[in-house]
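In what follows, a single structure is set out as C-alpha cells and then discussed.
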Amino acid sequence: MSHQPAPFPAARFRRARQSEAIRSLVRENALCPSDLIWPIFVRDGEGIEEPVPSMPGVVRRSVDLVAQAAREAFAMGIPAICLFPYTDPALKTADCAEAWNPENLSNRATRAIKAAVPDMAVMTDVALDPYNSDGHDGFVENGEIVNDRTVEALVKQGLSQADAGADIIGPSDMMDGRIGALRQALEGAGHSNVMLLSYAAKYASAFYGPFRDAVGASGALKGDKKTYQMDPANGDEALRLVARDLGEGADMVMVKPGMPYLDICRRVKTEFGAPTFAYQVSGEYAMIQAAAQNGWIDGERAMLESLMCFKRAGCDGVLTYFAPEAARALGA
Ligand SMILES: NCc1[nH]cc(CCC(=O)O)c1CC(=O)O
C-alpha cells in the first residue's frame, strides 16, 4: 500500500467525507447483529428477571425467561448466546461437582435454548469460579491455584456442557493445557463438532468487577487472579498463548477485556488470521452506561462506536452485554 497521497489539492480527503452516501461507499468496516455474541446471566426459579445493580440494563434470568430472551435475540439477528450461571452458594463445594452436574443451571439453560431456538448457537463457560467457594477459576491447595487437577475438572465440565447441547465451549480459566485436554476429550466422546473458543489472552483486569457481582463471586473471591490471568503490561505473551491454543485445537480465540486491548486484537488477527473475538467486559459496559445515565456521553453512539472499533481492530465478532440494544440500534 502506498502511503504517499497526492499533494493538495489533488488529494482532498474531505471529498470522501462529504455526505453519508459517499461515506458509506468508502467505509472500510461494517457492524452487524451477526457479529455479536450476547452474554447472559442465569439464575434459579421461574418468571424471574432480577437487575444487576452494577450493570444497568442487565438482569439475571430464570431458565424459562432465558429461552424467551434467546427467541427475541435470534429474531434480531444475534447468532449466539453465552451463558453464565449465578449459582446458589449452597451448591458451591470444595470438589466443585456442581460444575459437571447435568442438571446444573448452565446445562438446563442450554437445553431450554436449544428446544426453543434450535438454530441459535449456545456458548458455555468453562471455569470453576461459579462453583468454588473461594471464587477462583481453579482448585486452591495451600493457597495455590493448582493447574493439572483443575484441568481434569474442566474437562468434566466441558463434556457435560457438550452433552447438554452446547455448540461452543469457552474456557475462561487460563489454566495451561486445558485446550488440548478438552479437544481430546470431546473427540473421544463423539463431540467432534463442538467448537472451542479459547479465552487465550485473558488479562487480570479491574474491569471484571461488575461481572463478579452478577455471578455472586465478588464477596467470595480470596486474593486475585494474577497467577493465571495475564499481566496487562504484556503483549508478546498474548501471541504465544494464541499460538499455543490454536496448536492444541482451539477453533477461535478471544482477547479479554476488549477496549483497552485493541492493540492485542489487531496483533492476533494479523499474526494468525484465525477467527478472533473480543469480550467487551462488564466494566466496559458499566462505564458507558454510567456516563450515559449521567448525561455525560450519548450512550447509543458510544455503544455503536465502541463495537465498530472492535471490527476495525480485526475482530470477527464481539461478546457484549449491549448485543440486543446494539442489534436494535442497527435496525434489526
Ligand atoms: N471465569 C471467570 C470469568 N468469565 C468471564 C468473566 C468476566 C466477564 C466480564 O467482566 O464481563 C470472568 C471473571 C473473572 O475472570 O474473574
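The values are calculated or read from the model by the stated rules, or taken from the named source; none is laboratory data. All of these numbers come straight from a predicted model, not from anything done at the bench. As a convention, Cβ positions derive from the backbone with ideal geometry for all residues, glycine included, and neighbour counts pool all protein chains shown. SASA here: full protein model, heavy atoms, side chains in, ligands and nucleic acids out. Shrake-Rupley method; radii C 1.70, N 1.55, O 1.52, S 1.80 Å.
Numerical summary
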{"item": "Val151 being closer than 26 Å to Asp213 by Cα, surrounded by fewer than 17 Cβ atoms within 10 Å (Cβ to Cβ) and among the β-branched types (Val, Ile, Thr)", "result": "no"}
{"item": "Scope the stretch 289-314; condition in contact with a strand residue (DSSP E or B) (Cβ under 9 Å, 6 or more places away or on another chain) and within 16 Å of the ligand (Cβ to nearest atom); matching residues", "result": "Met303, Ser306, Leu307, Phe310"}
{"item": "Given (1) part of a helix (DSSP H, G or I); (2) touching a strand residue (DSSP E or B) at 6+ places or on another chain (Cβ under 6 Å); (3) in contact (Cβ under 8 Å) with a residue 60 or more places away in the chain, number of the condition Ile37 does not satisfy", "result": "(1)"}
{"item": "Listing of helices (runs of 4 or more DSSP H) fully contained in the stretch 279-331 that carry 2 or more residues being farther than 20 Å from Met76 by Cβ and open to solvent by 20 Å² or more (accessible area, probe 1.4 Å)", "result": "282-293, 299-312"}
{"item": "Some residue of the stretch 277-286 being within 13 Å of the ligand (Cβ to nearest atom) and polar (S, T, N, Q)", "result": "yes"}
{"item": "Single condition Ala70 does not satisfy, out of (1) open to solvent by 10 Å² or more (accessible area, probe 1.4 Å); (2) under 25 Å from Glu46 (Cβ atoms)", "result": "(1)"}
{"item": "Output for the stretch 81-98, where each listed residue is more than 24 Å from Tyr321 (Cα to Cα) and charged (D, E, K, R)", "result": "Lys92, Asp95, Glu98"}
{"item": "Filter result for Ser160 (hydroxyl-bearing (Ser, Thr, Tyr) and in contact (Cβ under 8 Å) with a residue 40 or more places away in the chain)", "result": "yes"}
{"item": "Residue ID - nearest to the ligand (Cβ to nearest atom), chosen from residues in the stretch 182-199 that are open to solvent by less than 30 Å² (accessible area, probe 1.4 Å) and assigned to a helix (DSSP H, G or I)", "result": "Leu182"}
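Rundown of residues vs (1) within 13 Å of the ligand (Cβ to nearest atom); (2) surrounded by fewer than 21 Cβ atoms within 10 Å (Cβ to Cβ); (3) aromatic (Phe, Trp, Tyr), yes/no style:
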position	(1), (2), (3)
Val146	no, yes, no
Tyr203	yes, no, yes
Ala206	yes, yes, no
Thr227	yes, yes, no
Val242	no, no, no
Asp245	no, no, no
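Conditions (1) among the aliphatic types (A, V, I, L, M); (2) without any contact (Cβ under 8 Å) to a residue 60 or more places away in the chain, marked per residue:
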position: Ala11; (1), (2): yes, yes
position: Arg15; (1), (2): no, yes
position: Ser19; (1), (2): no, yes
position: Arg23; (1), (2): no, yes
position: Val42; (1), (2): yes, no
position: Pro53; (1), (2): no, no
position: Pro56; (1), (2): no, no
position: Val59; (1), (2): yes, yes
position: Arg71; (1), (2): no, yes
